[in-house]
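Have a look at the structure below, then the notes.
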Amino acid sequence: MGDEAVAYAVKQCDVDVVSAFPITPQTIIVERLSEYKANGEADFEFIPVESEHSALSVLVGAAAAGARCFTATSSQGLLLMNEILWIAASMRLPIVMAIVMRAVSGPINIHCDHTDLMSVRDTGWILLVTENVQEAYDTVIQAFKIAEHPDVLLPVIVGLDGFVVSHTAEDIEVIANDEDVRKFLGGHRKVPKITVAGKEVEFSLNPKNPFPLTFGPFDMFDYYFEHKRSQFVGLENAPRVVEQVNREYAELTGRSYGNGRIETYRMEDAEVAVVIMGSAAGTAKDVIDEMREEGYKIGLVRIRLYRPFPYQDVVEALKDVKVVGVFDRAQHGGAMGGPLFLDVRAALYDLDRRPVVVNYIYGLGGRDLTPSLLRSACEELFDIAKGKKKPFIMKYLGLRE
């Protein structure tokens, strides 16, 4: 299952500290990790806590001291972490966290949508969203290398769809030798060095440093802006590093995911494009194959790196199509449309000849996106392209009105 694949990848990555609090549908990840620890298959410190806020707080301290760290959560647990998410990013701590994406209360719902992930998209974390169990396993391993890269030094979230991926059993290929994973990561976490008062010191809370460092102090207006700019540099470097790590991982395993930032499918001559994230991309590929056989020129762009958003890749992939349907599995919160739709539409704004961009909100609370339902939306996109139907901004797909 997806949760088990994530846990197995973490075990192979030679982490130092795992701290977590259980919440459905993430719980199996940390249950498996605790079993690895209890069985002597891993030697990380497993720290159970009383809340998700505390889980991430523990890792802030551990990562600042130079440890390789991991946690996982979902939904309300992620929301409870919100304060510490900003702190971890601003302190440039390369923590990796799996988010098993789930609807946010209320009313209470434990099934899949992307609203929890969207609620933290501006915290400064790198966000990677996976399609299936294999990619969840692969992306966790890549995430540690991305986070710890000296040009990035930012925490990374790996998102997988609740139940659809987390609790679905699939055959996957794992890296057989744990040492190969650790070699890919460059061994144990290497803490970068910085220059303080003319001397090179480790960027960590290390009592052996000749000069003590302070993490997260009070920061007045005369320096705060510059310190935030430093954090933004890590985000600006991240797309390049994501592509590089994706390429290096392909050399090790033979598996890659587009250029690491987006994956395109049958876009070579597409007149209509579907833009989507997560497990629904698999359904979309099947529908696209079916429609291609019938002569429809349709393709797919799957967003894998959601933050920082790959604007240039999106423009390059969509600049020649007539109509784009952006599918959001998240609440729109009163905006013009869903979060992914707004990012895609903004990316295309400066094109001299912009495609029509429309938004479908689907699958909230775990409602299934069936092939027939998705096909109906794709046919509607072609009606817009042919002038048979007027474009719209946003509509709900599969909702009983």
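The values are calculated or read from the model by the stated rules, or taken from the named source; none is laboratory data. This one's a predicted model, so the numbers in the text were calculated from it and none came from an experiment. Methodologically, a virtual Cβ is constructed for each residue, glycine included, from the backbone with ideal geometry; neighbour enumeration extends over all protein chains shown. Heads up: the accessible areas ignore ligands, DNA and RNA and are worked out on the full protein's heavy atoms, side chains in. Shrake-Rupley method; radii C 1.70, N 1.55, O 1.52, S 1.80 Å.
Miscellaneous remarks
- For the chain, modelled as a GNM whose springs connect Cα atoms under 10 angstrom apart, the maximal fluctuation among Met81, Met291, Met118 occurs at Met291.
- Average Cα contact separation per residue, the range 56-143, under 8 Å, 6 or more apart, as relative contact order %: 27 percent
- Estimated distance in nm for a label pair at Asn82 and Leu213, the labels positioned 7 Å out from Cα along Cα-to-Cβ: 3.0 nm
- Across the range 104-196, C-alpha contacts under 8 Å between residues 6 or more apart give a mean separation that, scaled by the residue count, equals a relative contact order of 30 percent.
- Phi-based couplings in Hz for the range 277-293 (Karplus 6.51, -1.76, 1.60; Gly and Pro marked x): 10, x, 5, 4, 4, x, 4, 4, 5, 5, 5, 5, 4, 4, 6, 4, 5
- Under a 5 Å amide H cut-off, with hydrogens placed 1.01 Å from N, Ala98 pairs with Thr71, Ala72, Thr73, Val158 among residues at least 5 apart or on other chains.
- Whole-Hz Karplus values for the range 145-155 come out as 5, 5, 4, 8, 4, x, 7, 10, 6, 9, x Hz, taken residue by residue from phi with 6.51 cos²θ - 1.76 cosθ + 1.60 and θ = phi - 60°; glycine and proline positions read x.
- Cα pair count fraction exceeding 12 Å, expressed as % - the range 264-304: 50 percent
- Whole-Hz ³J(HN,Hα) from phi, Karplus 6.51 cos²θ - 1.76 cosθ + 1.60, for the range 87-96, glycine and proline x: 5, 4, 5, 5, 8, 6, 9, x, 7, 10
- For the range 70-174, the extents of the C-alpha atoms along the principal axes are 37, 35, 17 Å, listed from largest to smallest.
- Residue with peak Gaussian network fluctuation, the chain [Cα springs, cutoff 10 Å], from Leu252, Leu364, Leu160: Leu252
- Loop-located trypsin sites (Lys or Arg not before Pro) across the range 189-227 with a Cβ neighbour count of 14 or fewer within 10 Å are Lys190, Lys208, with loop assigned by DSSP.
- Taking the longest Cα principal axis of the chain as reference, the axis of helix 52-64 is set at about 60 degrees.
- Counting only residues at least eight positions apart within a chain, or on another chain, the lysines with an alpha carbon under 25 Å from that of Lys145 are Lys11, Lys37, Lys183, Lys190, Lys193, Lys228.
- Hydrodynamic analysis of the range 259-401 uses the Kirkwood radius over alpha carbon pairs. Inserted into Stokes-Einstein at 4 °C and 1.567 mPa s, it gives a translational diffusion coefficient of 86 µm²/s.
- GNM top mover of Arg292, Arg121, Arg375 - the chain, alpha-carbon springs below 10 Å: Arg292
- Counting only lysines at least 8 places from Lys388 when in the same chain, those with an alpha carbon closer than 30 Å to its own are Lys285, Lys297, Lys319, Lys322.
- Counting only DSSP H runs of at least 4 residues, each contributing -39500 (n - 2.57), and dividing by the residue count of the chain, the helix-based mean residue ellipticity at 222 nm comes to -12000 deg cm²/dmol.
- Residues of type aspartates and glutamates that Lys390 reaches as a straight line, Cα spacing below 18 Å, ignoring anything fewer than 8 places off in the same chain: Glu271, Glu379, Glu380
- Under 5 Å between amide hydrogens, built in the peptide plane, is the criterion, and for Val357 it picks out Val324 among residues at least 5 positions away or on other chains.
- The range 1-91 - percent relative contact order, Cα under 8 Å, separation 6 or more: 35 percent
- Rolling a 1.4 Å probe over the protein heavy atoms of the range 127-172, with every protein chain left in place, gives an accessible area that is 50 percent carbon and sulfur.
- The residues of the chain have, on average, 42 Å² of accessible surface per residue, using a 1.4 Å probe with all protein chains present.
- Rounded FRET efficiency, nearest 0.05, which uses the C-beta distance separating Arg266 from Met220 and R0 of 51 Å: 0.40
- Residues whose amide H comes within less than 5 Å of that of Val275, counting only those at least five positions distant or on another chain, are Val301, Gly325, Val326, Phe327 (H built at 1.01 Å from N in the peptide plane).
- Applying Stokes-Einstein at 20 °C and 1.002 mPa s to the Kirkwood radius of the range 34-82, computed over alpha-carbon pairs, gives a translational diffusion coefficient of 182 µm² s⁻¹.
- Among the listed values [x] 37, 23, 20; [y] 34, 27, 17; [z] 33, 29, 22, the one computed from these coordinates for semi-axes √(5λ) of the Cα gyration tensor in Å is [x].
- Rg over Rh for the range 1-153 works out to 0.93, using Cα positions for both radii and the Kirkwood form for Rh.
- Rounded, prolate or oblate (a/c below 1.5 giving rounded, otherwise prolate when a/b exceeds b/c) for the range 236-275 by Cα gyration tensor: oblate
- Computed about the Cα centre, the dipole magnitude for the range 1-132 is approximately 240 debye when only Lys and Arg (+1) and Asp and Glu (-1) carry charge, each at its Cβ.
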